[in-house]
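What follows is calculated from the coordinates using simple rules that are stated; it is not laboratory data. The model shown is predicted, which means the values in this text are computed figures rather than measured ones. So basically every Cβ, Gly included, is an ideal-geometry build from the backbone, and we count neighbours across all protein chains shown.
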Amino acid sequence: MSGSESRFPKTLIEFQDRFATESACAEYLFERRWPDGFVCPGCGEGRAWLLQTKAFTYECAACGRQTSVTAGTIMHASKLPLTTWFWAAFLMATHSNGISALQLQSQLGLGSYRTAWMLCAKLRRAMVNPSREPLCGVVEADETIIPFRTKDDPIVVPAGRSGVGKMLIAGAVEVDGGVPRRARLKVIESFGKDEIHAFVLGASPTSSTRRSRSARWRRMSCFPGPTACSPT
């Protein structure tokens, strides 16, 4: 694809026109995966045929290996339509303040909150840049909790800082001139000093000397929710 066809749509109308069908979504995935034509991940052969019995799956003419256009992606083995995945990704990427699972369920007409939550979780994970630079400069950090009771947790949750029935979250925000820029979130096992310190070093792995000079530590009075987390 070239010219305007290769430009990813920026408006709802453009997106709807380009990814209106399952085939259109699969074609886009094929072109992103194999821009120069199919290449078997097993033997490197370039000849294959599209199977009629498996959706958007190609079988190598040389070794017989079958490869789906979604293999190796967060959409692999999902029963949701590709159009649902594409719309979810578009909505999450274009909402400046993020979008909750409840909002996503309503926007896409999903049958259950669990499905919407799964979409959000997988897409957020995929949006994280693995080569992102560590936080630097002034870093504010704090911890918070999210109610989260597993099947093994007691119904009556202990009071205080116990982790039973809760998801413990640590967060760090890079601040530039009083304006938050980038953030990091991580689920932790406890609010112990050692674990919080290890999280901060992972988010902003500066030396102790540099940290004392240019990366001041201070606790935040509050911490924004997961939707405020920058993927960069």
> Amide H to amide H, which residues 5 or more places from residue 166 or on other chains are under 5 Å from it, using H placed in the peptide plane?
Replying inline: 148
> Using θ = phi - 60° and the Karplus curve 6.51 cos²θ - 1.76 cosθ + 1.60, what whole-Hz ³J(HN,Hα) does each residue of the range 48-62 get, with Gly and Pro shown as x?
Replying inline: 7, 10, 7, 6, 8, 8, 10, 5, 6, 10, 10, 10, 5, 6, 8
> Can you work out ³J(HN,Hα) from phi for every residue in the range 17-34, in order, using Karplus 6.51 cos²θ - 1.76 cosθ + 1.60 and θ = phi - 60°, giving whole Hz and x for Gly and Pro?
Replying inline: 5, 7, 10, 7, 10, 4, 5, 5, 5, 5, 5, 5, 5, 4, 5, 6, 7, 10
> Relative to the present Cα-Cα distance, how much length would full extension add between residue 128 and residue 74 at 0.36 nm per residue of separation?
Replying inline: 18.1 nm
> Using a Förster distance of 22 Å, how high is the FRET efficiency between residue 121 and residue 145, based on the Cβ-Cβ distance and rounded to 0.05?
Replying inline: 0.75
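Calculate, in nm to one decimal, what residue 45 and residue 27 gain on full extension: separation in residues at 0.36 nm each, minus their alpha carbon distance.
Length difference between fully extended and current span is 4.5 nm.
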>> Compute, for the range 3-127, the length of the dipole vector about the Cα centre, with Cβ point charges of +1 (Lys, Arg) and -1 (Asp, Glu) only. Units Debye, rounded to 20.
In response: 480 debye
